[in-house]
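S.K.: Structure below; questions to follow.
The values are calculated or read from the model by the stated rules, or taken from the named source; none is laboratory data. All figures in this text were calculated on a predicted structure; none of them were measured in a lab. Counting neighbours? That spans all protein chains shown, and the Cβs are built from the backbone with ideal geometry, glycine included.
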Amino acid sequence: MNLGRVVFVIVLLSAVSAVAQDRFEVYGEYSYLRFNPTIFGLNSRSFNGGGGGATLYFLHVFGIKGEFMGYGSTTFTKTFSSTVTLPNGGIIPAGSYTSQGNMFTYLFGPVIRIPIPKVKPFGEILFGGSNTNGYVNLTSSIIAAGGTISRTPTQHPFTMAIGGGLDIDISKHVALRPGEIDYMLSRYTNPLTSTNNQNNFRYCGGVVFKF
């Protein structure tokens, strides 16, 4: 067998081995999101929800992940002690404005994990988008009270999550994810301020099913 055939066999065996070591995982998680709306006088809001996703790993180390998370409604309340005139000429009458807002995120990206026995730490960077009706509902509340601000359209802005977590094997096909911590950036705009970056905190935890 000449050298070329030897190299071909080695490459072929390596490829077969790589495929054999691929692992597909699906998971379900609870998720807590601390969302910073970046509206002056409006504190960060807590969202509770959950969802799931899947990860395809190559050689047990590198993976591609996709996830979808939904969060239930939380209350947005903004109070103006006097009438406010915005730089664009819009008027916000004095008063308190309360509305409800939920959130949905869809993120995809690479994952790197350390495949040590029983315990597998991992890091990730995910990109995608999100949607919340919190800004829309708050704007509608102000307009209903006589405000002359621009109505905020439905937005699906760029959203990114960077962080990591830990999986603990409890059997060959099931693992617990006690914690995944992420910094999450979203880029919503609103008619009240000129900022469009929200720096948020996210916690996830749940069960992983391995195939």
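S.K.: For the range 111-146, how many residues meet the condition of being in a loop (DSSP other than H, G, I, E, B), within 30 Å of I39 (Cα to Cα) and under 24 Å from the mean Cα position of the chain (by Cα)? Walk me through how you get there before you give the answer.
M.R.: So in the range 111-146, the residues in a loop (DSSP other than H, G, I, E, B) come out as 114-118, 133, 145-146.
Keeping just the survivors that are within 30 Å of I39 (Cα to Cα) gives 133, 145-146.
Next, from what is left, pick out any that are under 24 Å from the mean Cα position of the chain (by Cα): 133.
Within the range 111-146, residues that are in a loop (DSSP other than H, G, I, E, B), within 30 Å of I39 (Cα to Cα) and under 24 Å from the mean Cα position of the chain (by Cα) number 1.
S.K.: Let me ask something else about it. Every residue in the range 140-155 that is without any contact (Cβ under 8 Å) to a residue 40 or more places away in the chain and surrounded by 13 or more Cβ atoms within 10 Å (Cβ to Cβ), please.
M.R.: Of everything in the range 140-155, those that are without any contact (Cβ under 8 Å) to a residue 40 or more places away in the chain and surrounded by 13 or more Cβ atoms within 10 Å (Cβ to Cβ) turn out to be I143, T152, Q155.
S.K.: Kindly indicate the residue of the range 191-211 that is part of a strand (DSSP E or B) and of a type in the set (F, W, Y) and also farthest from the chain's Cα centre (by Cα) among those meeting that condition. So that I can check it myself, show each step before the final result.
M.R.: Within the range 191-211, the first condition is being part of a strand (DSSP E or B), and the residues that meet it are 198-210.
Subsequent filtering for residues that are of a type in the set (F, W, Y) retains 201, 203, 209.
Numbers: F201: 9, Y203: 10, F209: 21 Å.
It comes out as F209.
S.K.: Moving on to the next point. If you take the residues in the range 156-172 that are of a type in the set (V, I, T) and within 15 Å of the chain's Cα centre (by Cα), which one is surrounded by the most Cβ atoms within 10 Å (Cβ to Cβ)? Walk me through how you get there before you give the answer.
M.R.: Of the range 156-172, the ones of a type in the set (V, I, T) are 159, 162, 168, 170.
The next check asks that each one be within 15 Å of the chain's Cα centre (by Cα); those that pass are 159, 162.
Working: T159: 22, I162: 14.
Going through the qualifying residues, I end up with T159.
S.K.: Could you say which residue among L13, L33 is modelled with pLDDT under 55 and of a type outside the set (V, I, T)? Lay out the reasoning, then the answer.
M.R.: Working: L33 fails: modelled with pLDDT under 55.
One residue alone meets the criteria, L13.
S.K.: Give me the pairs: first residue in the range 157-179 and under 24 Å from G134 (Cα atoms), second residue not in a strand (DSSP E or B), beta-carbon distance under 6 Å, and six or more apart or on different chains, which are they?
M.R.: Note: pairs meeting the criteria are P157/R187; P157/Y188; F158/R187.
S.K.: I need the full set of residues from the range 44-69 which are over 18 Å from L185 (Cβ atoms) and assigned to a loop (DSSP other than H, G, I, E, B), in order please.
M.R.: L59, H60, V61
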